[in-house]
1. Ignoring ligands, DNA and RNA, what accessible area per residue does the range 44-162 give at 1.4 Å, in Å²?
2. Determine the relative contact order of the range 35-147: mean sequence separation of Cα pairs under 8 Å and six or more apart, normalised by residue count, in whole percent.
3. Can you work out the FRET efficiency for the pair Thr64 and Asp130, with r the C-beta to C-beta distance and R0 = 35 Å, to the nearest 0.05?
4. Express in % the proportion of alpha carbon pairs of the range 86-133 at distances exceeding 15 Å.
5. Please list, in order along the range 67-79, the HN-Hα scalar couplings obtained from phi with the Karplus expression 6.51 cos²θ - 1.76 cosθ + 1.60 (θ = phi - 60°), rounded to whole Hz, x for Gly and Pro.
6. Quick check: residue separation of Ser106 and Asp45 times 0.36 nm, minus the Cα distance between them. What number comes out in nm?
7. Using the C-alpha gyration tensor of the range 39-131, what are the square roots of 5 times its eigenvalues, in whole angstrom, with the largest one first?
8. Would you mind telling me the share, in percent, of accessible area of the range 32-82 contributed by carbon and sulfur at probe 1.4 angstrom?
Amino acid sequence: MGNTIDPSLYLSTTNNQSNTNGKDNSILGKDDFLKLLMAEMQNQDPLSPMDNNEMIGQMAQFSTLEQITNLASSLEKLLNMEQQNQYIAYSSFVGKNVTYHKLEDSDDPNGDPVVQEGHGVVSSVRFTGDSVEFVLTDGTVLEPANISEIQASSETPSTDET
């Protein structure tokens, strides 16, 4: 029996392992799963080896885990890119004249909210956490859902007074 077990596959007998990579060690990753599978294959009883179907099932689980990890990473990158594109699109509102409709609470606690309509020029865009706020030159703060019309120039909209 000339087979030896790779010492890197041994499990530590102490509970004071240091967390040197900054990751949460309480969750097994794909590398840990592969190490466990290799240790299981190396240390199996030669008179009663692992069933081929069981080994194939474990390899399929490993492959599935790896693909899910890759998919999650790709989705996170895609969401970050989409958020950046959205920020760029919102920044194009600066200097534009907008028409808005904004709900204001009524003075009467039992009354319906009052719809405030107005016009103004967007002076800046604020990105606060996951939301966006448009600040008009008169200090009015709007959300994207409040804006109902965008004019091409910063001129005030004309009213047909004849």
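1. Value for the range 44-162: 74 Å² per residue.
2. Reported relative contact order: 16 percent.
3. Calculated value: 0.65.
4. Working: 675 of 1128 pairs.
Every Cα pair in the range 86-133 considered, those over 15 Å come to 60 percent.
5. Result, rounded to whole Hz: 5, 5, 4, 5, 5, 4, 5, 5, 5, 5, 5, 5, 5.
6. Working: separation 61, 0.36 × 61 = 21.96 nm, distance 7.82 nm.
Result: 14.1 nm gained on full extension.
7. Values for the range 39-131, descending: 61, 20, 9 Å.
8. Roughly 61 percent of what the probe reaches on the range 32-82 is carbon or sulfur.
The values are calculated or read from the model by the stated rules, or taken from the named source; none is laboratory data. Please read these numbers as outputs of a predicted model, since none were measured by experiment. Every residue, glycine among them, receives a Cβ derived from its backbone with ideal geometry; neighbour counts consider all protein chains shown. Accessible surface areas use protein heavy atoms only, side chains included; no ligands, DNA or RNA. Shrake-Rupley method; radii C 1.70, N 1.55, O 1.52, S 1.80 Å.
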